[in-house]
1. Sort through A:R115, A:R161, A:R145 and tell me the only one that's more than 26 Å from A:P365 (Cα to Cα) and touching a residue at least 60 places away in the same chain (Cβ under 8 Å).
2. Please go through the stretch B:175-200 and pick out each residue that is in a helix (DSSP H, G or I), closer than 13 Å to B:A100 by Cβ and of a type outside the set (D, E, K, R).
3. Mind listing whichever residues of the stretch A:72-131 are of a type outside the set (F, W, Y), touching a helix residue (DSSP H, G or I) at 6+ places or on another chain (Cβ under 7 Å) and within 14 Å of chain B (Cβ to nearest Cβ)?
4. Only one residue in B:D85, B:D8, B:D2, B:D67 is within 14 Å of chain A (Cβ to nearest Cβ), touching a residue at least 12 places away in the same chain (Cβ under 8 Å) and surrounded by fewer than 24 Cβ atoms within 10 Å (Cβ to Cβ). Which one?
5. For the stretch A:343-383, give me each residue that is of a type in the set (S, T, N, Q) and not in a loop (DSSP other than H, G, I, E, B).
6. Is it the case, given these coordinates, that A:E76 is assigned to a helix (DSSP H, G or I), out of contact with any Leu (no Cβ under 9 Å at 6 or more places or on another chain) and more than 30 Å from A:R342 (Cβ to Cβ)?
7. Here is a check on your reading of the model: is B:A318 more than 18 Å from A:Q255 (Cβ to Cβ) and surrounded by 24 or more Cβ atoms within 10 Å (Cβ to Cβ)?
8. Somewhere in the stretch A:245-255, is a residue facing chain B (nearest Cβ under 7 Å) and buried (at least 20 other Cβ atoms within 10 Å of the Cβ)?
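The values are calculated or read from the model by the stated rules, or taken from the named source; none is laboratory data. Since the model is a prediction, treat every value here as computed from it, not as a measurement. Here the Cβ is made from the backbone with ideal geometry for all residues, glycine too, and neighbour counts use every protein chain on show.
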Amino acid sequence: MQLKFNDKQNAFRAEVREWLAQNVPSEPLLSYDTREGFEQHREWEGKLYQNRLSMVMWPQDLGGRGCDLTEWLIFEEEYYAAGAPMRVNQNGQYLLGPTLMEFGTEEQKHRFLPRMAASKDMWAQGWSEPDAGSDMAAVRSKAIRDGDEFVINGQKTWSTRAIYADWIFGLFRSDPDSKRHHGLSYLVVPLDAPGVTIRPIKALNGKDAFAEVFFDDVRVPASNCIGDEGQGWSVAMATAGFERGLLLRSPARFQQTAKRLVDLYRQYAADYGENGALRNAVLEGWMGAEAYAQAAYHTVGLVDKGAKIGAESSINKVIWSELDLKMHETAMEMLGAYGELRGGSPAALDDGSWLEGFLFAQAGPIYAGTNEIQRNIIAERMLGLPRA
Amino acid sequence: MDFTFTEDQLAFKEAISRFLMTEAPPEMLREIWDTEEGRSPELRRKMAEQGLTALSVPEDQGGLGMDDIAWALLTQELGYYAIPDSMADTAYVASGLLTALPEGTRRREELLEKIAEGNFRVAVAHSVNPLVADVHVADKILIEHEGQVHLVSRDQLDYERNSSIDSSRRVSRIHFKASADSKIADADCGAAAWGETLNRGALAVAGQSLGLAQRMLDLSVDYAVQRKQFGKPIGSFQAVKHKLADVVSGIEFAKPPLYRAAYALAHGDPRADLYVSHAKLACCQAAMVAARHGIQVHGAMGYTWEADLQMFMKRAWALQASWGTAEFHRQRVANDILADGAAIGPQYTFEG
């Protein structure tokens, strides 16, 4: 155990800090759940990419700079501390990216990853269907092989920002006689392909944050299949855990929220006096975020030593999503009567940013596998409790 | 940056675990509970033979000179097996206090040597603890008095024995009159040493609480797999699964703060108070959740004297307020992170 950063790590941190100080937009970008904001975020991602800062842990020839996971954590710490824009292409970069690294052919990696790192291609995910949510193995959308192509028919839903995105990835049933997790293939589909129809769904914030995607005889080349045909379930599962647990929501994000919460409490205490219950909730928030950060360094250390992280990462997802919710609830309590005000309202505090975070935090325990499913995974795979 | 343990450290934990598993089965704990003194000289002798009492005594005094990180691992094992002995008070907390005093402090080297030898018990009385563990069997008692360090024998002290719900814990209230004879160190060097001592006491409680939590989880998982209702193991029901998932989550997210705190203590980190208090809160909370969900999963069996769960549950409850209540430790966290210019936020996970 040695908790000091080395010279190379410190130099990397200094470089990232300086670059961000000079380049983070002084005015916040518009919401990436709008067309205009989405394109602003794409532009920002392009700028990150030009400086090899969008996907620091990817290999250099695929658009990254070959950093290790510790350096990735350092990057994330600097990124969130700098108040830089939210990452608009995370579903591609953190969910599909690692799958391509592990299962993609060289051709696929070079075709997709550099453009993904640059956000020239924006990615939406296509896991859920109307009758396949938590029960993902119930997917019914078909992708039937026809010569060198797959012909796709069916419907996906809850695809984040799909109306603005360029591509979608997901699981499709390639063997029409198969059941459950057999006979599925992991495909990537351009969203401008003939036969694709996208219908936006307004989210809680009133914006077109996600969408339904309909496929009518959509044809994609067989080379758009990631991993072997019919092996889609294991391809999706192999990388699901670690990414869902750690990469998708790095600890720095919640440490920054905790810091803002501390600032909010100090202001509250100055205005209204100390409040023990609120103070305790603020301390819990800080401790929770800190524990997640420490746990991430511990995990990264184990991965560096060759450990394979499995069901343990389901714990991360439960922890960060419920921590985020709790911190935002605490903030709303401190904002009191002003908490309900949307950004742009003359009396809104922090331009409604806590409210926006509060709304999004409601989704945390639901997306990327509901926390009920995560708790099943923890109980069955870590504790060995019997399946129902 | 490497926030993991070495092979040697993991092997050490494993060896301690195997040793205690053999030497302190639950039946034996129950026997020791029923004795007047609540302590087994035999068990203590065996722990000393394993070198545990000499673990953090400096090498010059015949010890192994190991640091707080070893204790973060060892105390978990002491908790896991609910060892009915306050060995950590002598070998870690008292030893750490004496080591922190300047060389040549009256009785310092002699006491450290005796601690290393193993057949010697030192109780530690810090003002944060209104009740002091193991005064009734202590060869010496180290007492905090206005930052000074005092040393007395049992017969120089008025003490009143009390009965804890954890029959392994034997606690006394002491009445002590400070004198020039009893004083071995002034406040100018004693205050800092007592600060570290408080942190070591809290860290030892944190480690034990985490070990207790793990044991309660293991017992509850075993029970949930074996116990059948409606024709199925109760562990196949989601209501039960989700409770136990929350127990393991609490444990896994209390470990990093415990190790972070041990590292801070071992390296004289100026924010050690913050890290230790975080660890104490997280580990004690993990133990409370493990106890609550553990007894619920055990059903009526959990409410019996017969089921082993009680031994670990009661220890966990009793340790909650030992070496500082939750509020005491929350206040210490608040003192750091709510202060003007506190170094908090994503850039300060390990440096600040």
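1. None of the other options fit; the residue is A:R145.
2. Once the filter is applied, which keeps residues that are in a helix (DSSP H, G or I), closer than 13 Å to B:A100 by Cβ and of a type outside the set (D, E, K, R), the stretch B:175-200 yields B:C189, B:G190, B:A191, B:A192, B:A193, B:W194, B:G195, B:T197, B:L198, B:N199.
3. Selection gives A:L73, A:I74, A:E76, A:E77, A:E78, A:A81, A:A82, A:A84.
4. Working: B:D85 fails: within 14 Å of chain A (Cβ to nearest Cβ); B:D8 fails: touching a residue at least 12 places away in the same chain (Cβ under 8 Å); B:D2 fails: touching a residue at least 12 places away in the same chain (Cβ under 8 Å).
Exactly one residue qualifies, and that residue is B:D67.
5. Correct list: A:S353, A:Q362, A:N371, A:Q374, A:N376.
6. So A:E76 does not fit the description; no.
7. Values: more than 18 Å from A:Q255 (Cβ to Cβ): yes; surrounded by 24 or more Cβ atoms within 10 Å (Cβ to Cβ): no.
In short, no.
8. Checked the stretch A:245-255: at least one residue is facing chain B (nearest Cβ under 7 Å) and buried (at least 20 other Cβ atoms within 10 Å of the Cβ).
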